[in-house]
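Working notes, structure below.
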Amino acid sequence: MTESFSLVLCPESTIETESGLVDVPALYVLSTEVTWDLYDIYVYKLDEPEAGSDADAISRPSKPYVPPDRGFGHEGYPAIGMTFLAAKGFCDWLSIKSGLEIRLPSRAEWTYLATGGEDGDFCCGTNEDSLDLVGWHSDNSEHSTHPVGLLAANNFGLFDMHGNTAEWVSSDTRKPIAFGGGYRDSANDCAGTSFQKQVSSWNQSDPQIPKSQWWLADCSWVGFRFVIEADGIDQQLLEGLQNVINESD
Amino acid sequence: MSSTNPTDPNLLMSRRVFTASTAAIGAAAVFAQPSFGRIKGLREENTLRVGVVGCGGRGTGAVIQALKADTGSVLWAMGDLFEEKIEPCLGYTRDAMLDLDDEQGTATWSKKIQVGDRKFHGFNAIHKVLASGVDVIILTTPPAFRPEHLKHSVEANKHVFCEKPVAVDAPGVRSVLESARIAKTKSLSLMSGFCWRYQDQVKETMNAIHTGGIGKLHTIQTTYNTTGWVEPKQRKAEWSDAEFQLRNWQYFNPLSADHVAEQAVHAIDWQAWAMQDQTPVRCFGVGGRQTRPSLDETGNVWDHFSLIYEYADGVRAYHMCRHWPNTPSDNSAYFQGSEGNCTMQPWNGTHTIEGVNPWKGNAVSNDMYQREHDVLFNSIRKNAPVNDGTFMSHTSLLAIMGRMAAYSGKVVTWEQAMNSDVSLNTQPWEFGNREAPTIPVPGSTKEI
């Protein structure tokens, strides 16, 4: 199978946050949320030539207990319901496969990327009343995620930053947090600064103790995308990233 | 991570010392008032002693739920086939209780662990747990052992939490029906693991169907399409045949009943519930094993089934389940009636009816696993026994009947299924040599 994806280069900047000015480096950013097409390669070892072999001893998710896509749709839809650990694991796996340093964005980076470098909480001059142009939220989502990239991209060329799925970011909070709101959140809660902290109800229906480290049984609205710092990046490795994915069949 | 991170070695050590000393005090107090032979299980100090047989992930979850369900419930005895399963179960339970104490600023939750040295392993652990003075027993071993464990539990006058499915074959189902009948005569509570029956949103949807929300129900579609089970374990040199199969119990149908009856039975239970537990006339279906790798540890279970059930009043119910990695998943139900169609997708909270009387569910999601234990313990306290025996047996047989039909390629009637003498475990379970069951092939396997 060939899973195409695109990275966009977002310029460096210094942005104002609650805790002061933060430098954001130039970043290559996945233009959409990670889709099942990409995530399944990691979960089902589609990059390994033989079933069962895992030469790099990469840590991979267990098979999900619950229907991971909730019946919303699979191909082209954002991967959802993975734990923060699993999202980070995906980045670590792809780093090993590609030789690049692939990671989740920080909180400040994520907000900067979401707003496309513009002032305000929403991109493209939208607000909570005109968010339909760029984001799936509770008033237009019909209670479901949607295939990535259907609505307009922001100034950086990034799709679905507002709504569709909230996205895991790296942070030093006690519980993992996800930014930007999801399909079930109000437009107001899909702002670039909107975030939600994981709570126990997100994994209430996992009947096993210990609960899965990899899947959140009751969380159908959190996904992620990854970033790569552009400064000093090895262009050959970057070009090779597409091949890493494409060779996984 | 939580500030009460249970993996913090310093915390863990101090907690262990603390728990050990309080448990000893609790145990001494309880021993002063022996109460063997009771039926109702309420003793003067108001405790309900809980035992568990089957200390895996589900057993551990159920133990914690039992301790949370009732202020007087205490964990009293533990059993598992394998000795090394017991300490992790105890550890997770202890952590859960300590977390509750931390959250609530109490010291009472952790005192609920009063196991002492009542930890038993081996095939006869059930008997030791039952004889240890428990009032309530949690049966969470692989399903093959459930009928026998339930029989002994009811004989010993215990209230029971009985995980699904309740059996792997028809003789097992009949045994469970008899145990359930005896439990009723003894006023013992018997709670099944068919947890959706205790989920408020699904309950509300079933009520809408039962009260005419879609008119006359005529067609049911249920799915349980997932990507598989836990990874199978490669054989270790020191394992006997039997141990190898037991450690990969999901993958051997004599132990698990196959995935249609072990897992997809939850969706088949929606069908049974929508039909108000009316039993079908007959069933036929197909299935097979397309994506499971051919390894010793992946046993003999299939990886997909597609079944059609016919009911006396003309209702047809279609069920599909599969374990196919890297494919879309679906665990939902659709109910079609003379006046409307109901869509039920519990994993994303969709509960709607379109038709003459459009409807949208507005019940709030609840922790169905916890609710089951809340109901069980409340029924014991109120001396108003709950008894899920009939429906849990019938739903289990409904799935087993579908498996029989698909394995054999034949049309199977409810009576044939219920009266079948085919036992999947004719050889008693013990460690040692044991032939691996073969993958069923329609037309050549005796399954009914």
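Rule-based calculations on the coordinates, nothing more; no lab input. Predicted, not measured: the structure shown is a model, and the values here were computed from it. Quick reminder, even Gly has a Cβ in these numbers, built from the backbone with ideal geometry, and neighbours come from all protein chains shown.
Taking Cα centre as origin and charging only the Cβ of basic (Lys, Arg, +1) and acidic (Asp, Glu, -1) residues, the dipole magnitude of chain B rounds to 700 debye.
Largest GNM mean-square fluctuation among B:228, B:409, B:133, using chain B with Cα springs under 10 Å: B:228. Amide H contacts of residue A:35 (H built 1.01 Å from N, in plane; Pro and chain starts excluded): A:79 sit under 5 Å, all sequence-distant by 5 or more or on other chains. Each of B:353, B:110, B:166 was placed along the dipole of the protein assembly as shown (beta-carbon charges, centred on the mean Cα), and the one lying farthest toward the positive end is B:166.
Shown here: the range B:138-251, whose C-alpha atoms stretch 60, 42, 24 Å along the first, second and third principal axes, sorted largest to smallest. At the listed q of 0.22, 0.30 Å⁻¹, the Debye profile of the range B:97-153, built from one uniform point per Cα, gives log10 I(q)/I(0) equal to -0.87, -1.22. Mean per-residue shielding of peptide A:137-143 is 1, counting Cβ atoms of other chains within 10 Å of each Cβ. With everything on Cα atoms, drop me the angle between helix B:200-210 and the longest principal axis of chain B, reported from 0 to 90° to the nearest 10. Here the helix axis deviates by roughly 30 degrees.
Against the main long axis of the alpha-carbon atoms of chain B, helix B:265-274 sits at an angle near 70°.
Looking at this model, which pairs from B:158/B:233; B:85/B:203; B:128/B:186; B:68/B:119; A:45/A:211 are more than 27 angstrom apart at the alpha-carbon?
The answer is B:158/B:233; B:85/B:203.
Please work out the C-alpha center-to-center distance from the range A:172-201 to the range A:228-247 and express it in whole Å. The two parts, judged by their Cα centres, are 30 Å apart.
With pairing defined as another cysteine C-beta under 4.7 Å, the cysteines of the protein assembly as shown that fail it are A:10, A:91, A:190, A:219, B:162, B:195, B:283, B:321, B:342. Only alpha carbons enter this Debye calculation for the range B:43-152, each as an equal point scatterer, and the log10 of I(q)/I(0) it gives at q = 0.11, 0.14, 0.19, 0.20 Å⁻¹ is -0.31, -0.50, -0.89, -0.98.
Rounded to whole Å, the principal axis extents of the Cα atoms in the range B:306-448 read 55, 43, 38, largest first.
Here the 3J(HN,Hα) profile of the range B:138-146, calculated from phi with Karplus coefficients 6.51, -1.76 and 1.60 at θ = phi - 60°, is 9, 9, 9, 7, x, x, 3, 8, 4 Hz, Gly and Pro shown as x. What angle, in degrees between 0 and 90 and rounded to the nearest 10, separates the Cα long axis of helix B:170-185 from the longest principal axis of the Cα atoms of chain B? With both axes taken from Cα atoms, the answer is about 50 degrees. The distance from the alpha carbon centre of the range B:88-150 to that of the range B:235-249 is 25 Å, rounded to a whole number. Using only side-chain charges placed at the Cβ, +1 for Lys and Arg and -1 for Asp and Glu, the dipole size of chain A relative to its Cα centre rounds to 880 debye.
If the segment from residue B:186 to residue B:235 were pulled out straight at 0.36 nm per residue, it would be longer than the present Cα-Cα gap by 13.2 nm. Convex hull volume of the C-alpha atoms in chain A, normalised per residue: 124 Å³.
How large is the Kirkwood hydrodynamic radius of the range A:124-249, in angstrom, based on all distinct alpha carbon pairs?
16.4 Å
Counting every C-alpha pair in the range A:63-182, the share spaced more than 22 angstrom apart comes to 39%. For residue B:46 and residue B:289, the difference between the fully extended length at 0.36 nm per residue and the C-alpha to C-alpha distance is 82.3 nm. Beyond 39 Å, what share of the Cα-Cα pairs of chain B is found? Please give it as a whole percent. Across chain B, Cα pairs with separations above 39 Å total 22 percent.
Straight-line cross-link reach from residue A:88 at under 13 Å between alpha-carbon atoms covers these aspartates and glutamates, not counting any fewer than eight positions away in the same chain: A:101, A:167. Taking the DSSP beta bridges with both ends in the protein assembly as shown, the antiparallel portion is around 65 percent.
Rounded to the nearest Hz, the phi-derived 3J(HN,Hα) couplings of the range B:424-429 under the Karplus curve 6.51 cos²θ - 1.76 cosθ + 1.60 (θ = phi - 60°) are 7, 10, 6, 8, x, 7, where x marks glycine and proline.
The convex hull built on the alpha-carbon positions of the range B:257-377 has an orientation-averaged projected area of 10.3 nm². Averaging over all projection directions, the Cα-based convex hull of the protein assembly as shown occupies 31.8 nm² in the image plane.
Might you report the magnitude of the Cβ-based charge dipole of the protein assembly as shown about its Cα centre, with Lys and Arg at +1 and Asp and Glu at -1, to the nearest 20 debye?
Dipole of the protein assembly as shown, to the nearest 20 debye: 3920 debye.
Only helices reaching 15 angstrom along their own axis (Cα) with mean Kyte-Doolittle hydropathy no lower than -1.0 count here, and for the DSSP H runs of chain A these are A:84-98, A:235-246.
Mean residue ellipticity at 222 nm, helices only, chain A: -5000 deg cm²/dmol; runs of at least 4 DSSP H residues each add -39,500 (n - 2.57), and the sum is divided by the number of residues. By the equivalent-ellipsoid construction on the alpha carbon gyration tensor, the range B:198-260 comes out with semi-axes of 42, 12, 10 Å, ordered largest to smallest.
Sequence-ordered 3J(HN,Hα) estimates for the range B:435-448 from the Karplus curve with 6.51, -1.76 and 1.60 and θ = phi - 60° stand at 5, 6, x, 8, 6, x, 10, x, x, 10, 10, 7, 10, 10 Hz, glycine and proline given as x. Between the alpha-carbon centres of the range A:10-36 and the range B:358-390 there is a gap of 48 Å.
The modelled label-to-label distance for the pair residue A:239/residue B:339, using points 7 Å beyond Cα in the direction of Cβ, is 6.8 nm. The residue among A:15, A:120, B:259 whose Cα reaches farthest toward the positive pole of the charge dipole of the protein assembly as shown, with charges on the beta-carbon of Lys, Arg, Asp and Glu, is B:259.
As a test of the formula, what do you get for chain B when each DSSP H run with n ≥ 4 contributes -39,500 (n - 2.57) and the sum is divided by the residue count, at 222 nm and rounded to the nearest 500 deg cm²/dmol? Helices in chain B give a 222 nm mean residue ellipticity of -11000 deg cm²/dmol.
Peptides A:60-72, B:237-249 ordered by packing proxy, namely the average of other Cβ atoms within 10 Å per residue, highest first: A:60-72, B:237-249. Inter-chain Cβ neighbour count for A:200-211, averaged per residue, equals 6 (cutoff 10 Å, partner chain atoms only). When the charge dipole of the protein assembly as shown is built from unit charges on Cβ atoms (+1 for Lys and Arg, -1 for Asp and Glu) and taken about the Cα centre, the candidate among A:166, A:6, B:278 whose Cα reaches farthest toward its positive end is B:278.
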